[in-house]
Amino acid sequence: MSDDDHTSPSTLLDVAREAGVSPSTVSRILNGTAKVSDDKRQAVMAAIARTKFAPNLMAQGLKKGRSQTIGIVVQDISSPYFDETLRGVDDGLKGTGYASVIVSGHWNAEEEADRIRLLLARKVDGIILLSGRMSDETVLQFSGQRPIVSTGRSLNTRSALGFKLDNEYGAWMAVRHLIELGHRRIAFVSGPANNIDAEERAAGYRRALFEAGIELDPKLMVEGNFHENSGLLAVSHLFDTGQQFTAVFAANDQSAYGVRLCLYRKGIRVPDDVSLVGFDDLPGSSYTTPPLTTIRQPLYDMGLVATHALLRLIHGEPVQAQVPPLELVVRETTRRR
């Protein structure tokens, strides 16, 4: 029998010695409560790999009355918008010992509530709600059972935190950019009805026109659904009804992709004939033909900030969550008239 057969599993003390830190530091890094430098955290993680230490996270969680999991409610798992936000969540969980359980609410308040009940039944330690249709009152009720961090709403209690971006201002920036380039007939592909983000972006469109002294033409406003097909159908409708326009503001980048395709099929050049602005700055928007001018939402940062905030709520620590502001990213789909 070889000596290797008698080798005992490595312990937390072995990891501490290998990394040159205290056992308590290793423990706090593993459970996500340590405030240490990136170098020290990396040294501990490298020591764990070298010693092949396998922490019993379930046992650790049971001692603290925690499952070491968080629930994430998205609205559309196929959307690149949520992909980018989830990338921030995933990076925020690295090195914390927490895993995530992802469910979809499909932009339906009742379904969102059902999914949260499912996550609570699975004993998650907290929940990240990415946008959605649930009322603030319902979110606050659920936060009485587990901490919740939500995007797209303003909340600030001991167990619930919400933060939102200024959609109206973002849309105002987009339309103001087109107006400054000399456009007056600016079509608008909106988001779906009864969606707060869509309503706020429509308000920004109207405000920019009003401040510039441009009369609002309802025939240039076409409702979409935040998906590519709605952008294509919206602009087809504008052509079918004989509307004249020199620019299009789409309420999100996915709609803008559909707008661009419709214009291409009609033989209309972007930006030579029609300028186009989107909203979101999805990763693919810098690779469209031509690259899309858009309003950048800090999607990755929202996921990262939401995760850090939730972990602090779980551990009973004070939270101050801030995300970068919206900004106009000018690329190659807009030009002066």
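The values are calculated or read from the model by the stated rules, or taken from the named source; none is laboratory data. It should be emphasised that the depicted structure is a prediction, and the values quoted were computed from it without experimental measurement. Cβ atoms come from the backbone with ideal geometry, glycine included; neighbour counts cover every protein chain shown. The accessibility values were calculated without ligands, DNA or RNA, using every heavy atom of the protein model including side chains. Shrake-Rupley method; radii C 1.70, N 1.55, O 1.52, S 1.80 Å.
Reducing the stretch 237-285 and the stretch 87-101 to their Cα centroids gives an inter-centroid distance of 37 Å. Taking R0 as 35 Å, what FRET efficiency do you get between Ser236 and Arg87 from their Cβ-Cβ distance, rounded to the nearest 0.05? Efficiency computed from Cβ-Cβ geometry: 0.55.
On full extension, the segment bounded by Val101 and Leu118 gains 5.1 nm, given 0.36 nm per residue less the C-alpha separation. Counting 0.36 nm for each residue step from Thr11 to Lys35 and taking away their Cα separation leaves a gain of 6.4 nm. Remark: spin-label model distance Ala193-Asn229 equals 1.9 nm, labels positioned 7 Å along the Cα→Cβ axis. Can you tell me the FRET efficiency between Gln42 and Gln244 if r is taken as the Cβ-Cβ distance and R0 is 56 Å, rounded to the nearest 0.05? Efficiency, rounded to the nearest 0.05: 0.40. Report, to the nearest whole %, how much of the accessible area of the chain belongs to carbon and sulfur atoms, 1.4 Å probe, protein only. Roughly 50 percent of what the probe reaches on the chain is carbon or sulfur.
Kirkwood-type hydrodynamic radius, the chain: 22.2 Å, calculated from all non-identical alpha-carbon pairs. For the chain, a simple Cβ point-charge model (Lys and Arg +1, Asp and Glu -1, everything else neutral) yields a dipole of about 420 debye relative to the Cα centre.
When both the stretch 154-187 and the stretch 302-332 are represented by their alpha-carbon centers, they are found 17 Å apart. Placing +1 on the Cβ of every Lys and Arg and -1 on the Cβ of every Asp and Glu, with nothing else charged, gives the stretch 110-257 a dipole about its Cα centre of roughly 380 debye. How high is the relative contact order of the chain? Use alpha-carbon pairs under 8 Å, at least six apart in sequence, and give a whole percent. Relative contact order comes out at 16 percent. From helices alone, the chain scores -13500 deg cm²/dmol at 222 nm; the rule is -39500 (n - 2.57) for each run of n ≥ 4 DSSP H residues, then divide by the residue total. With both labels modelled 7 Å from their Cα along Cα-to-Cβ, the Ile214 to Thr138 distance reads 3.7 nm. If you plug the beta carbon distance of Asn156 and Arg269 into 1/(1 + (r/R0)^6) with R0 = 45 Å, you get a FRET efficiency near 0.40. Solvent exposure of the chain, expressed per residue, is 49 Å² of accessible area, with all protein chains present and a 1.4 angstrom probe.
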